[in-house]
Amino acid sequence: MATSSDAASEAGAGPGHGPDPRAAFRGITNDVTRVALGTTPKWWYPAFAVSNLMLLCLVVALYHLFTTGIGVWGNNNVQGWAWDITNFVFWIGIGHAGTLISAVLYLFRQEWRTSINRSAEAMTIFAVAAAGIFPIIHTGRPWFAWWLIPHPNDMGMWPQFRSPLMWDVFAISTYATTSILFWYMGMVPDLATLRDKAKERWKQIAYGLLCLGWRGSARQWHRYERAYLILAALSTPLVLSVHSVVSFDFATSQNPGWHTTILPPYFVAGAIFSGFAMVATLLVPLRYLCGLQHIIKESHIEAMCKIMIATGLMVGGAYGIELFTAWYSGNAAEWFTFRNRILGEYSWAYFMMVSCNVLVPQFFWFKKCRTNPWIVVILSILINVGMWFERFVIIATSLARQALPGMWGYFSPTRWDVLTLIGSFGLFFTLFLLFARFLPIIAIAEVKGVLPEAHAGKDHH
Amino acid sequence: MTTPATDDESHRAETPPPPPPEPSSDGGNGDGSDHGGDAGTDEELHGLLAEFDTPGALIAAARKVKNAGFTEFDCYSPFPVHGIDAAMGIQRTKLPLLVFAGGLAGLFLGTLMQWWMNAYDWPWNVAGKPTWSIPANVPISYETTILLSVLTTFFGMWAANKLPQVWHPFFRLDRFAKATDDGFFLGVEASDKRFDLEQTKQLLVAAGASHVDECYVDARPEARTMPRWILAAMAVLTMLAVIPIALVYKARATKSNQPHYHVFSDMDFQPKAKSDQPFTEFADGRANRGQLLGTVARGALKADDAYYRGLSGGQWLTGLPVQVEPTSAVIDRGQERYNIYCAPCHGFDGAGHGIIPERMAMLGGAWEARNLVDRGSVVIKMPNGQLFNTISNGNNTMMGYAAQIPVDDRWAIVLYVRALERSQNAAESELPPGAEVR
């Protein structure tokens, strides 16, 4: 099994003429299923322990929040949206790369996506799960969050659909549902592979139920591929709409710094930017730890870095245009807000954002930076730090100087803010590690389908 | 080895007849082994499963089998083999049409929901905006369109593919596990009207199959149904799932004297103090809180003796406090207040003939209010401070007016009473020019 990758490359040399044209398929199967079915790797336990410890922070922070109230955070009358909404927008942004890779790159026939789409989709779902916590706990009485769902009730009330906050509810829940179904449907054939590779009876049953009894029949594949294409086509407008709707929370308000039409595309570009940074942060170590360098190739990592340059430039352009519009509009309140954003008491956060989001990705112009795993991971983490600060800057600086001096204030986080943020990372990493251990982290069937051997023995057209 | 005889091995690995016999070494006991141990005689042929080396070989074989007139056959591969649909004659799926219908339903239902809830059933005025305006309702209609399309796609694929179907006869063949790994299979079902064991086997071998296996299933249909314990477990779980719904229905259909069960009490039952009631949350058990020692409530200090009490160094103030200026505006104000509060007893002229003494006399009583303006009256001799104090706190049968009349107004009344005294006792020679005595 260990040499299967060599066998794969040998077979790849001449489709149909190698010693065994099927060795390449077998190699992919063995290399990916070994991660899920083999013994737990040593690195997994400490990683899981640390993630669980961080998750415990979330449990403790939420317990304290629910039993005491929102006052445990640093939020105040002026800074009503602070880290809670910053974290929400940050996580939901990260959750964009998965669907983008799965859907948009699929529609554009970017075959390199097959190596990373599964884990990117999983990352999306876990990021959306982490994001979903924040608007709910932000309501103060989260046990009434179900009032957001339209249902007949003894109060005779209905939700207010003209509010962007309700649009959020529908956009996020549709996105979560679609992402989960897309991810799961893509996994069905690979779960069947795990069922057939598993040695233990209980694993065969568990994977057998999960894969719905998939047997790879051509008639099934035909409908499956059609359904997959449709889901990709549906997810593409969806992924663009979700962060647009999130930006409406800000853009439809009257607050200077928020009330601007550039926000939807600006948010979507930032979301893709941060999402790719997170995919790179996770996959660069994972391909070494799971021995998948021949499936997740260096060129794939490079392609992600190039997308980060592109989206980083878009985000940088949005910062510039935003500033220009504030000045060119002649609106004194807008211009004051932006001057204050850059020169005021939050200028440290603004320059953190600009340097991480605009300057850091410029290193990816150099091939050396794109191919060095350490540099890729460090730069990707810096980009996500910058993207967190972008959301914080938008929220905190726009609220810090509102129309009346009585509505001026500074936000200082409490330890509970910090614990909640750490805890959301704990939830994300815990879920991702469970996924990386027990589920097919590579889209096995899709990778096989783009191998040259997939066309072996066919008539030449 | 061609008869379905005594054990699983017999039908598990079958050598195709024409090539040199090379018995497949595939002898593992897979999931099928617990089925047939005793009753090989009860087994019936399900079909033939042929294995091919490459996707191309599978396509060619599929074309041959289709051209031979077979309909009950399918190909199995670890990934979608492109070109096989045409070779097998697979009709293009109708799934996209179904999804289109689902999307339209989502658009219609999402829009209808918003209109019905916000514009019809509960038209709620938000800042005077229209209850029904398309732009504000687009995002949610958009999301419901996508949501229903996605659900239709996903479950439509299940339904069209008859999933979930966790068991299939071919799963009894160990070799079939390669269908999700590196194997390319073509399965012909015995139910096809052109099926003939030997001839079909020949056809598959001629099409390039590396192995052809016969696949048997238990002849008794009941052996192929779901095990009884799974059915029983599903029945029990279904019954258990009904219990919460039944409890909710019972709660809605019956009456109860008990208060609602509050999962989250929020602020419904907070410990709350009402005045002059016992209250256990405080150590002394009383709801009322006394004044804190050494403190004065905001605005209650009243340290200025002259202004608030009419005193100056312990004696009645003879002049006026510095806050009070004897202007005609203040005297006019004093007149107005006097006519409201004082005149009912003391009379408009201050001589004590108000409406109340008059009424007392009519009823046979004998009481007069103090004459404020008589030369001999104590009031004339009173210092201003004492008069202010009398208005504030009362004297003899007169009650205090501090609660009704603010401090400034009480001083204004003092000034007006002084003006009344002066005018009632003036000599004709003191009148200003043009004035006349009435």
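So, A:Ala251, is that one under 17 Å from A:Ala36 (Cα atoms), among the small types (Gly, Ala, Ser) and more than 8 Å from every other protein chain (Cβ to nearest Cβ) or not? Even if it seems obvious, please write down each step before you answer.
Numbers: under 17 Å from A:Ala36 (Cα atoms): no; among the small types (Gly, Ala, Ser): yes; more than 8 Å from every other protein chain (Cβ to nearest Cβ): yes.
So A:Ala251 fails the test.
Residues in the stretch A:366-408 that are over 15 Å from A:Glu302 (Cα atoms) and either out of contact with any Lys or Arg (no Cβ under 7 Å at 6 or more places or on another chain) or part of a loop (DSSP other than H, G, I, E, B) (or both): how many?
Of the residues in the stretch A:366-408, 25 are over 15 Å from A:Glu302 (Cα atoms) and either out of contact with any Lys or Arg (no Cβ under 7 Å at 6 or more places or on another chain) or part of a loop (DSSP other than H, G, I, E, B) (or both).
Which residues, counting only those in the stretch B:302-311, are at pLDDT below 90 and touching a helix residue (DSSP H, G or I) at 6+ places or on another chain (Cβ under 8 Å)?
Answer for the stretch B:302-311, where residues must be at pLDDT below 90 and touching a helix residue (DSSP H, G or I) at 6+ places or on another chain (Cβ under 8 Å): just B:Lys302.
Applying the selection to the stretch A:256-287, what residues are free of Cβ contacts under 8 Å to residues at least 60 places away in the same chain and in a helix (DSSP H, G or I)?
A:Leu263, A:Pro264, A:Pro265, A:Tyr266, A:Ala269, A:Arg287
Could you go through the stretch B:347-354 and let me know if any residue there is in contact (Cβ under 8 Å) with a residue 24 or more places away in the chain, in contact with a helix residue (DSSP H, G or I) (Cβ under 7 Å, 6 or more places away or on another chain) and surrounded by fewer than 19 Cβ atoms within 10 Å (Cβ to Cβ).
yes
Can you say whether B:Gly89 is more than 7 Å from every other protein chain (Cβ to nearest Cβ), of a type outside the set (Ser, Thr, Tyr) and surrounded by 19 or more Cβ atoms within 10 Å (Cβ to Cβ), as far as the supplied structure shows? Don't jump to the end; show me each part of the working.
Numbers: more than 7 Å from every other protein chain (Cβ to nearest Cβ): yes; of a type outside the set (Ser, Thr, Tyr): yes; surrounded by 19 or more Cβ atoms within 10 Å (Cβ to Cβ): no.
Answer is no for this residue.
Taking the condition assigned by TED's automatic domain parsing to the domain that holds B:Phe176 and crowded, with 20+ Cβ neighbours inside 10 Å, does B:Asn137 pass?
Details: assigned by TED's automatic domain parsing to the domain that holds B:Phe176: yes; crowded, with 20+ Cβ neighbours inside 10 Å: yes.
Against the criterion (assigned by TED's automatic domain parsing to the domain that holds B:Phe176 and crowded, with 20+ Cβ neighbours inside 10 Å), B:Asn137 qualifies.
Within 7 Å of another protein chain (Cβ to nearest Cβ), of a type in the set (Lys, Arg), within 20 Å of A:Arg118 (Cα to Cα) and not in a loop (DSSP other than H, G, I, E, B): does that describe A:Arg195?
Numbers: within 7 Å of another protein chain (Cβ to nearest Cβ): no; of a type in the set (Lys, Arg): yes; within 20 Å of A:Arg118 (Cα to Cα): yes; not in a loop (DSSP other than H, G, I, E, B): yes.
The answer is no for A:Arg195.
Could you figure out which of (1) free of Cβ contacts under 8 Å to residues at least 24 places away in the same chain; (2) surrounded by 15 or more Cβ atoms within 10 Å (Cβ to Cβ); (3) part of a helix (DSSP H, G or I) isn't true of B:Tyr416?
It is condition (1) that B:Tyr416 fails.
Within the bounds of the stretch A:442-450, is there any residue that is among the small types (Gly, Ala, Ser) and part of a loop (DSSP other than H, G, I, E, B)?
yes
Quick one: in the stretch A:125-142, which of the residues that are within 13 Å of another protein chain (Cβ to nearest Cβ) and in contact (Cβ under 8 Å) with a residue 24 or more places away in the chain is surrounded by the most Cβ atoms within 10 Å (Cβ to Cβ)?
A:Pro142
With respect to A:Val59, determine if the residue is away from chain B (no Cβ under 14 Å), under 28 Å from A:Trp258 (Cβ atoms), assigned to a helix (DSSP H, G or I) and in contact (Cβ under 8 Å) with a residue 24 or more places away in the chain.
no
Taking the condition of being at pLDDT below 85 and either exposed (fewer than 10 other Cβ atoms within 10 Å of the Cβ) or not in a helix (DSSP H, G or I) (or both), how many residues in the stretch B:219-236 meet it?
7
Can you tell me which residues in the stretch A:303-362 are polar (S, T, N, Q), surrounded by fewer than 18 Cβ atoms within 10 Å (Cβ to Cβ) and in contact (Cβ under 8 Å) with a residue 40 or more places away in the chain?
A:Thr325, A:Asn331, A:Gln362
So, in the stretch A:171-182, of the ones that are hydrophobic (A, V, I, L, M, F, W, C) and crowded, with 24+ Cβ neighbours inside 10 Å, which residue ends up farthest from the other protein chains (Cβ to nearest Cβ)?
A:Phe182
Could you say which residue among B:Met113, B:Met157, B:Met117 is within 8 Å of chain A (Cβ to nearest Cβ) and either under 30 Å from B:Arg63 (Cβ atoms) or not in a helix (DSSP H, G or I) (or both)? Show your work before the answer.
On the way: B:Met113 fails: either under 30 Å from B:Arg63 (Cβ atoms) or not in a helix (DSSP H, G or I) (or both); B:Met117 fails: either under 30 Å from B:Arg63 (Cβ atoms) or not in a helix (DSSP H, G or I) (or both).
Exactly one residue qualifies, and that residue is B:Met157.
For B:Gly103, are the conditions met, namely being touching a Lys or Arg at 6+ places or on another chain (Cβ under 6 Å) and more than 7 Å from chain A (Cβ to nearest Cβ)?
So B:Gly103 fails the test.
Those residues that are surrounded by fewer than 17 Cβ atoms within 10 Å (Cβ to Cβ) and out of contact with any Asp or Glu (no Cβ under 6 Å at 6 or more places or on another chain), I need them from the stretch B:182-217; list them, please.
B:Lys193, B:Arg194, B:Asp196, B:Leu197, B:Glu198, B:Gln199, B:Gln202, B:Ala206
Name the residue, out of B:Asp276, B:Asp266, that is within 22 Å of A:Thr68 (Cα to Cα) and either at pLDDT 75 or above or within 14 Å of chain A (Cβ to nearest Cβ) (or both).
Selected residue: B:Asp266, the only one of B:Asp276, B:Asp266 that is within 22 Å of A:Thr68 (Cα to Cα) and either at pLDDT 75 or above or within 14 Å of chain A (Cβ to nearest Cβ) (or both).
How many of the residues making up the stretch B:52-72 are at the interface with another protein chain (Cβ under 10 Å from one of its Cβ atoms), assigned to a helix (DSSP H, G or I) and among the hydrophobic types (A, V, I, L, M, F, W, C)?
5
Cβ-Cβ distance below 8 Å, separation of 6 or more or different chains: which pairs start in the stretch B:163-177 with a residue that is closer than 13 Å to B:Val212 by Cβ and end on one that is part of a loop (DSSP other than H, G, I, E, B) and hydroxyl-bearing (Ser, Thr, Tyr)?
B:Arg175/B:Ser24
Which one is farthest from the other protein chains (Cβ to nearest Cβ), of the residues in the stretch B:167-181 that are crowded, with 22+ Cβ neighbours inside 10 Å and of a type in the set (A, V, I, L, M)?
Residue satisfying both the conditions and the ranking: B:Leu173.
Can you pull out every residue in the stretch A:145-167 that is more than 9 Å from chain B (Cβ to nearest Cβ) and either touching a residue at least 60 places away in the same chain (Cβ under 8 Å) or hydroxyl-bearing (Ser, Thr, Tyr) (or both)?
The one that is more than 9 Å from chain B (Cβ to nearest Cβ) and either touching a residue at least 60 places away in the same chain (Cβ under 8 Å) or hydroxyl-bearing (Ser, Thr, Tyr) (or both): A:Leu165.
Run down A:Ser398, A:Ser424, A:Ser412 and say which single residue is away from every other protein chain (no Cβ under 14 Å) and under 23 Å from A:Pro285 (Cα atoms).
A:Ser424
Checking A:Gln204 against (1) within 27 Å of the chain's Cα centre (by Cα); (2) at pLDDT below 95; (3) at the interface with another protein chain (Cβ under 8 Å from one of its Cβ atoms), which single condition isn't satisfied?
(1)
Out of everything in the stretch B:237-264 that is under 21 Å from A:Trp143 (Cβ atoms) and surrounded by 10 or more Cβ atoms within 10 Å (Cβ to Cβ), what residue ends up being nearest to the chain's Cα centre (by Cα)?
B:Phe264
The values are calculated or read from the model by the stated rules, or taken from the named source; none is laboratory data. What you are looking at is a predicted structure, and each value in this text was computed from that prediction instead of being measured. Every residue, glycine among them, receives a Cβ derived from its backbone with ideal geometry; neighbour counts consider all protein chains shown.
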